[in-house]
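Okay, structure first, notes after.
The values are calculated or read from the model by the stated rules, or taken from the named source; none is laboratory data. Keep in mind it's a predicted model, so treat the numbers as computed, not measured. Cβ sites come from the backbone with ideal geometry, for glycine too, and all protein chains shown count toward neighbours.
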């Protein structure tokens, strides 16, 4: 209990996404009528794994020639992704892009000009499969 979404009540192979903490009560009865009851508590972590490299080079081989974000499977959309210089000027901005795709990242250029080796900042607003949104930010170095 609660029952998993399954067409057949005897079905034990079912899969569904749990979006909130839940307790499953397992009841097993053997042929002699002995009953075993146990609770399994499932906690949901809202701490998604987001990997942003701390250094990248536009001169590297693909996919390392882009500054991009990779995430765990619970993140389905990058609602906003911004790269700025140390003074806050926005050099790159993308909205509603898929995570884990290098070509949705920054190539190290601004207005057609290669940016100099320096420290840059990023900000991302990411969306989970359940529709909740969280933010991630940090810094990285561009090297050539």
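Any chance you could count how many residues in the range 93-107 are under 19 Å from residue 62 (Cα atoms) and assigned to a strand (DSSP E or B)? Even if it seems obvious, please write down each step before you answer.
First pass over the range 93-107, keeping only residues under 19 Å from residue 62 (Cα atoms): 97-107.
Filter once more, keeping what is assigned to a strand (DSSP E or B): 97, 106.
Number satisfying all stated conditions: 2.
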Output yes when any residue across the range 29-39 is surrounded by 10 or more Cβ atoms within 10 Å (Cβ to Cβ), part of a loop (DSSP other than H, G, I, E, B) and either at pLDDT 95 or above or outside the structural domain of residue 134 (by TED's automatic domain parsing) (or both), and no when none is.
-> no
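Look through 94, 84 and report the one residue that is without any contact (Cβ under 8 Å) to a residue 24 or more places away in the chain and in contact with a strand residue (DSSP E or B) (Cβ under 8 Å, 6 or more places away or on another chain). Steps first, answer last, please.
On the way: 84 fails: without any contact (Cβ under 8 Å) to a residue 24 or more places away in the chain.
Matching residue, one of 94, 84: 94.
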Given the residues 70, 57, which is the only one that is closer than 21 Å to residue 109 by Cα and in contact (Cβ under 8 Å) with a residue 60 or more places away in the chain?
-> 57
Give the residues of the range 108-144 that are touching a strand residue (DSSP E or B) at 6+ places or on another chain (Cβ under 8 Å), modelled with pLDDT of 95 or more and in a loop (DSSP other than H, G, I, E, B), sorted by residue number.
-> 108, 115, 116, 117, 143
